[in-house]
Amino acid sequence: MALNQGKYKPTICAIDEVDDRSYKLHTGQDDGGHVNSKQQIEGSETAPLTTNQQKLHIDDAGLTPKELERAVGGVTPTANTPNSTHASANGLRALLLPGRRSFDALMSLSRKRRILYVATACLCALLLVIIIMLLAFWPEVPFYMRAPLCLERECVESSRQLLLWANTSKSPCKETYEWACGKFAREYADGDYFVIKRGEWNYKTYNEYQELNELNRFISMLPNSAEGSFPVESTISSLYRNCRDIDALDKSQSDLLLRQAIKPVGDWQATNRLQNWDYKSALKSLHAKYGIFPYYRVSVENSYTIPYDYIITLDEGELGLPDKYFYGPDADVEVVNGYKQLLRDFAINMGMVAREANLFADDIFHYEQRIVNHIESAKASGERQLNKLLRLAELKSIAPSLPIMESLKAIFPNTHITEDTEVLVRNVEVFHEMSMLISTTDKKPIHNFIVWSLVRQMLPHLSKEYRTLSENFDHGIYGRTASYPRWLFCSKVVRDWLPFAVDALQQKPPKQQFEATNRQRSGGEPQALNKTLGNEKFLQLMFYSLRNQLQESLGQASWLEPTARQFLQKKLNEMRVQFGIPGEVLDQPQYISDYYNELLLSNLNFVEHLESIWTFRRSRMEDKLKTLNMLDVIVSEMYTRDHQQPIAYSNKLNMLLVSRVLVNNNYYDYRYPVAVNFARIGTDILETLINNLSVFLLQFNAQGTDVSDAVPEIQYAQPDVSCLAAGQPPHLAWELRQMSQEALKSFHVTLSAARTAARALSSFVSAIDAGNAIQGAGIDQVVTYEALGLTQRMRVPGLRSYNENELFTLAYMQQHCSTSIADKDYARIKPHVERQLAERYLFNATWQHIQFLPRSTDCAASEVSCSNLL
């Protein structure tokens, strides 16, 4: 039987294998080169086939003669000859085509195994490519994710403050208010500070309560005698105790005190005895004795020409209602009725019958309404002379019925006032209209208006019967709430009446800190960084970063005239910052005593302090008209304003003045996260600077010679109302269009400050990471960054996944947390009462129009930006 029934054609691999084995058998060597002692038996299963065996094998296969000839001819007998000088064809293939073996081996596998092998090889190649791509493009882990957790007291405190109101389980994109302020109303309801709420409880009133609460605790620890290092300690304690004892005053005593105060300006119910009554003498007495200014107001402000010296300034007078809006046709009826009720109840308490009391209330309200109509008519006239420097002789010809010369001589007795004295008049037409009004009015309404102007200021400081009248009127404006506790009211009085003394005592550092500060000033070895110095250094860095960003934002404000824009940038470039009372003042304990040397407070009746406080303030105002040294100017700029602000700007010094009271109530600390400080005190600083841009433009106009180049000071604060009202409910959009210029300006300032602060934060963090200096700061940034701990920014507990931008957004949005009184829609009238929008409206507006805020939390943001916003 034949070995194979079919044709046999050995593969190349088989031939090569036979050649190799034949060569080894012929040479008698194994693979290691040794001679085999035992020969393989020819024809065995393991021995290679010889040429004759191949032929026999082929014959047995049944091939034709031609196929047999071709098969025999294809055999090369010399292929296995070891002495041949030419390699065999099969050996050459083995050398030149090493991959052929693998391919043939692969092809010899079954189809399933070949597919598995190829798939495995492709998968390994793909994994290799992925690993290479990951190594090349692996993202850097954000700094805040790999930064350590800060467990210092200040870090925990800042986190506690944010989490106290926030509900971080809510979505910042869909439930923004709940995310930032979800727990605010609950904390208000559970806390003790609800008593201070007026209209709406918001972040500012919360901080005010914290400040007054701390001040009350501080006053309680002051000594009662004058033996301390600061003699004014006893003055503060005495004023506070006298205020707390006001409940001992009964109604009969209050009636007597009222009649005694009214007598110099006109007897009560002197309707039938007004023939010899002189309103000019009454106005002069009211101005000089109590500092109350109906018809026109006297103050001392900076002029608009270099060197911006102080000058007597004349402006509109005071009215009974908070704003002229309430005398118009769209006024809130509840507020107007509450005001008339106040007038009527006062008259009844003074002995009038109900009918006469109603007439008295109507007469006062309608006369004030006439004053408002004359003022609005003057402002609507075509020829407006604003901020005009006039000699008193010129002003007398414009407003002959106003006793301006007599009032100024009584207010400033130590200043030489003549007809040649120049004064700054805010609106000349208003004074002309006021003069026309008085000259065409009977004495009775003038008398009643002057008397009521005095009484209105005295009511909160009299017996309970009269104080209740004022509280009821406040309820009509702000909504009904609990009466203020006496400690709260008296703490506020002490803060407002003696601000310099309070700040000086609270800022007074320990003795060892004085010594360390003095060594640093004298060039000695610097001491370790303390809280006071750290706060000052960080505030300095932050201020210059904010100032630089504001300059850049002004450079992009195409809606400002180029020369005016350059002037604003120059003013900002020359600006400096003062943190707290200068150390040179605190080093002189006698300085504070001398400052309050002219203040004489009696311990009889608290209402009599009104005259003493105004006499003291009047003397400080007059001092500003003299030549003062630098320290006196700084103190005067900080503490002689009508309304004290923790952050103020001095036009005289071109300096930002920051009170250290912000540190005492845990509002600011250099150890808080950088983003939190920028969202809080950073935006406050920018609001102060941007709000003062109108004054810069007035200074720019004053230095120009061409009147046509003048830039209206309100121009920069004209936001696109249609843009800002877009997307808001119809009633809010309508109310926005009805707001006064002051409220619109405040809205513009709020939005511009938030946008600028967000950009400044990014620049500040980038400068720290790169080790670059803050332009203008003038300090060694490397040492300062390290000393303040800025180079090791750490995550805060409870908010460890929040980066700087998210912390800024959360902290800033909490600035607009609020809750209102249920029985009063105060949000609608707040722009007319406080010249500011309701916080809930500001919350929605800032989130909508400041793209940085939603983008920082990966939320969708509007691409359209309203015009005239920095």
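So is LEU662 over 30 Å from LEU454 (Cβ atoms), modelled with pLDDT under 90 and of a type in the set (A, V, I, L, M) or not? So LEU662 fits the description; yes.
Of all residues in segment 753-773, those that are closer than 10 Å to PHE678 by Cα have Cβ atoms under 6 Å from Cβ atoms of residues that are β-branched (Val, Ile, Thr), 6 or more apart or on another chain, in ALA754/THR683; ALA754/THR846; ALA754/ILE850; ALA757/THR683. The requirement of being aliphatic (A, V, I, L, M), out of contact with any Ser or Thr (no Cβ under 6 Å at 6 or more places or on another chain), assigned to a loop (DSSP other than H, G, I, E, B) and not assigned by TED's automatic domain parsing to the domain that holds SER612 is fulfilled somewhere in segment 472-495, by at least one residue.
Evaluate the following for SER397: is it under 25 Å from ASN276 (Cβ atoms) and free of Cβ contacts under 8 Å to residues at least 60 places away in the same chain? Break it down stepwise before answering.
Working: under 25 Å from ASN276 (Cβ atoms): no; free of Cβ contacts under 8 Å to residues at least 60 places away in the same chain: yes.
Criteria not met by SER397.
Scanning for something more than 30 Å from GLY338 (Cβ to Cβ) and in contact with a helix residue (DSSP H, G or I) (Cβ under 8 Å, 6 or more places away or on another chain), does segment 480-489 turn up at least one residue?
Narrowing segment 480-489 to residues more than 30 Å from GLY338 (Cβ to Cβ): none.
No - not one qualifying residue is present in segment 480-489.
Please tell me if ASP858 is on the phi > 0 side of the Ramachandran plot and not in a helix (DSSP H, G or I). It is true that ASP858 is on the phi > 0 side of the Ramachandran plot and not in a helix (DSSP H, G or I). For LEU469, the conditions (1) under 21 Å from GLY320 (Cβ atoms); (2) surrounded by 16 or more Cβ atoms within 10 Å (Cβ to Cβ); (3) at pLDDT below 90 all hold with the exception of (3).
Suppose we filter segment 414-449 for residues that are of a type outside the set (Asp, Glu), without any contact (Cβ under 8 Å) to a residue 40 or more places away in the chain and surrounded by fewer than 17 Cβ atoms within 10 Å (Cβ to Cβ); how many remain?
Going residue by residue through segment 414-449, those that are of a type outside the set (Asp, Glu) are 414-418, 421, 423-428, 430-432, 434-441, 443-449.
Now narrow it down to the ones that are without any contact (Cβ under 8 Å) to a residue 40 or more places away in the chain: 416-418, 435, 439-440.
Filter again for surrounded by fewer than 17 Cβ atoms within 10 Å (Cβ to Cβ), leaving 416, 418, 439-440.
Total meeting the criteria: 4.
Kindly indicate whether any position in segment 822-837 is at pLDDT 85 or above, aliphatic (A, V, I, L, M) and over 30 Å from HIS475 (Cα atoms). The answer is no; no qualifying residue exists.
Among the residues of segment 136-144, are any of a type in the set (A, V, I, L, M), surrounded by 11 or more Cβ atoms within 10 Å (Cβ to Cβ) and in a helix (DSSP H, G or I)? The answer is no; no qualifying residue exists. The residue that is modelled with the lowest pLDDT, counting only those in segment 364-392 that are among the hydrophobic types (A, V, I, L, M, F, W, C) and farther than 21 Å from ASP442 by Cα, is ALA380.
Check every one of the helices (runs of 4 or more DSSP H) wholly within segment 681-734 and list those with 2 or more residues that are at pLDDT 90 or above and surrounded by fewer than 15 Cβ atoms within 10 Å (Cβ to Cβ). Give the derivation first.
Numbers: elements: 683-691, 693-703, 721-725.
By residue number, no helices (runs of 4 or more DSSP H) qualify.
Scoring VAL494 on the criteria (1) surrounded by fewer than 17 Cβ atoms within 10 Å (Cβ to Cβ); (2) within 16 Å of ARG217 (Cβ to Cβ) leaves a single failure, condition (1). Any residue in segment 843-870 that is over 16 Å from ARG759 (Cα atoms) and modelled with pLDDT of 85 or more sitting within a Cβ distance under 9 Å of a residue that is surrounded by fewer than 20 Cβ atoms within 10 Å (Cβ to Cβ) and among the aromatic types (Phe, Trp, Tyr)? List the pairs, counting only those 6 or more apart or interchain. That search, which allows pairs on different chains as well, returns PHE843/TYR177; ASN844/TYR177.
Pairing each residue of segment 314-330 that is within 16 Å of LEU437 (Cα to Cα) with any residue that is in a loop (DSSP other than H, G, I, E, B) and among the aromatic types (Phe, Trp, Tyr), provided the two are 6+ apart or on different chains, yields C-beta distances under 6 Å for GLY317/PHE293; GLY317/TYR295; GLU318/PHE293.
On inspection, GLU574 fails the criterion of being closer than 25 Å to SER650 by Cα, surrounded by fewer than 16 Cβ atoms within 10 Å (Cβ to Cβ) and without any contact (Cβ under 8 Å) to a residue 60 or more places away in the chain. Out of ALA753, ALA767, report the one residue that is at pLDDT 85 or above, of a type in the set (A, V, I, L, M, F, W, C) and within 22 Å of LEU697 (Cβ to Cβ). When all the criteria are applied, what remains is ALA753. Of all the criteria given as (1) in contact with a Lys or Arg (Cβ under 9 Å, 6 or more places away or on another chain); (2) hydroxyl-bearing (Ser, Thr, Tyr); (3) under 30 Å from GLU735 (Cβ atoms), the one not satisfied by TYR325 is (1). Hey, could you check segment 600-637 for residues that are within 30 Å of ARG486 (Cβ to Cβ) and among the acidic types (Asp, Glu) and say which is surrounded by the most Cβ atoms within 10 Å (Cβ to Cβ)? By that ranking, first place goes to GLU608. Residue under question is LEU870, and the condition is that it be aliphatic (A, V, I, L, M) and outside the structural domain of THR176 (by TED's automatic domain parsing); does it hold? So LEU870 fits the description; yes.
The values are calculated or read from the model by the stated rules, or taken from the named source; none is laboratory data. Fair warning: this is a prediction, and the values are worked out from it, not measured in the lab. Every residue, glycine as well, gets a Cβ built from its backbone with ideal geometry; the counts of neighbours run over all protein chains shown.
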